[in-house]
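Heads up, the thing below is written out as structure tokens.
Rule-based calculations on the coordinates, nothing more; no lab input. As the structure is a prediction and not an experimental result, all values here were calculated from the model. Don't worry about glycine lacking a Cβ; one is built from the backbone with ideal geometry, like all the others, and counts go over all protein chains shown.
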Amino acid sequence: MGLVSVEDLSFSYDGGRDVLRGISFSVSAGEVFVIAGLSGSGKTTLCRILCGIIPHAVKGIVSGSLDVAGIDPSVTSLPQVALKAGMVFQDADSQIICSTVEDELAFGLENLCWPPEDIRFRVDELLEEFGFGGLGLVNPALLSGGQKKLLTIAAVLAPSPPVLILDEPMSGLDAEGRELVRMAIEGQRLMGRAVIIVEHDLKLVTFADKWLLLRDGEAAMCAPPDVCLRDMELLRDMGIWS
């Protein structure tokens, strides 16, 4: 059993059609796992289920077995889920709310009522880990696109959840920004986190351990990248490789 374990997961909005049908997979500690598919295939919906946004904030019917670091997000409060799985959304600017880098890193911990001295220690750790040394008092609006993405990742990881979920983390970034994000992902892998990535461009995530290919809400394949790449006809038919 992995750090994330999903068995026969299905989801539908109230009174609507099934968005996901019979999805099963597991993600181990220290593994990078990619969920890929065209728009509307269900990949973002799946991640929202993993971090509890569905069904707590977005209502619908979830069925099947779901375990994320020992909890079922569908029946656990969102603050408690955030201690197990942190999700970074595609648009970094919409997720950054504070006027300095260090305030952004401290914000979630303050809401969790950490002692001030523990917050200061953790913020300093994150500034060092993510290359923000000397930038703690800088306004995030002045950062590059890649740095903003790193800041959102660092802020989500402030309480040290064992699972990190990234929705198209390299979208809109130049080559330098994508490399910053890739290195951060590799760092989390080495630290033993399970990293789950939603991505539409598989060429950006060939370093992953496994790809889950979704088509119309169902798993078309779940295998290491080299195995998936042997079925180029499938990838092209799904529209996720050119």
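Per-residue Karplus couplings for the stretch 22-31, computed as 6.51 cos²θ - 1.76 cosθ + 1.60 with θ equal to phi - 60°, are listed in order as x, 7, 9, 5, 9, 10, 8, 4, x, 10 Hz, Gly and Pro entered as x. Using a simple spin-label model with pseudo-atoms 7 Å out from Cα toward Cβ, Ser10 and Thr206 lie 3.8 nm apart.
For Met238, Met221, which order do you get if you count the other beta carbons within 10 Å of each Cβ and list the fewest first? Don't jump to the answer; show the numbers that get you there.
Details: Met238 19, Met221 16.
By the 10 Å Cβ count, ascending: Met221, Met238.
Annotation: the antiparallel percentage among DSSP beta bridges lying fully within the chain is about 55.
How big is the Kirkwood radius of the chain, worked out from every pair of different alpha carbons and given in Å to one decimal?
Details: mean 1/r = 0.0545 Å⁻¹.
Value: 18.4 Å, from the Cα pair sum.
Database remark: amide H of Ile165 closer than 5 angstrom to the amide H of Gly86, Met87, Val88, Ile196 (H placed geometrically; neighbours at sequence offset of 5 or more, or on other chains; Pro and chain starts carry no H).
So, R0 is 41 Å and r is the distance between the beta-carbons of Asp237 and Ser63; what FRET efficiency does that work out to, to 0.05? Using R0 = 41 Å, I get an efficiency of 0.90. The tail of the calculated P(r) for the stretch 94-209, taken as Cα-Cα distances beyond 19 Å, holds 45 percent of the pairs.
Note the full-extension length gain between Asp124 and Met191 as 0.36 nm times their separation in residues minus their Cα-Cα distance, in nm to one decimal. If you can, show how the numbers build up before the last one.
Numbers: separation 67, 0.36 × 67 = 24.12 nm, distance 1.76 nm.
The Asp124-Met191 span can extend by a further 22.4 nm.
Distance cut-off 25 Å, Cα to Cα: go down the list Lys59/Lys148; Lys59/Lys210; Lys43/Lys203; Lys43/Lys210; Lys148/Lys210; Lys59/Lys203 and report the pairs above it.
Numbers: Lys59/Lys148 30 Å; Lys59/Lys210 29 Å; Lys43/Lys203 17 Å; Lys43/Lys210 15 Å; Lys148/Lys210 27 Å; Lys59/Lys203 34 Å.
Pairs exceeding 25 Å: Lys59/Lys148; Lys59/Lys210; Lys148/Lys210; Lys59/Lys203.
For Leu20, the amide hydrogen comes within under 5 Å of the amide hydrogens of Phe11, counting only partners 5 or more places away or on other chains and with H modelled in the peptide plane. In order along the stretch 126-142, the phi-based Karplus estimate (6.51 cos²θ - 1.76 cosθ + 1.60, θ = phi - 60°) of 3J(HN,Hα) comes to 5, 4, 6, 4, 9, x, 9, x, x, 10, x, 9, 7, 5, x, 4, 8 Hz; Gly and Pro are listed as x. Working note: Karplus 6.51/-1.76/1.60 with θ = phi - 60° gives the stretch 42-52 the couplings x, 5, 5, 4, 4, 5, 5, 5, 4, 9, x Hz, where Gly and Pro are set to x.
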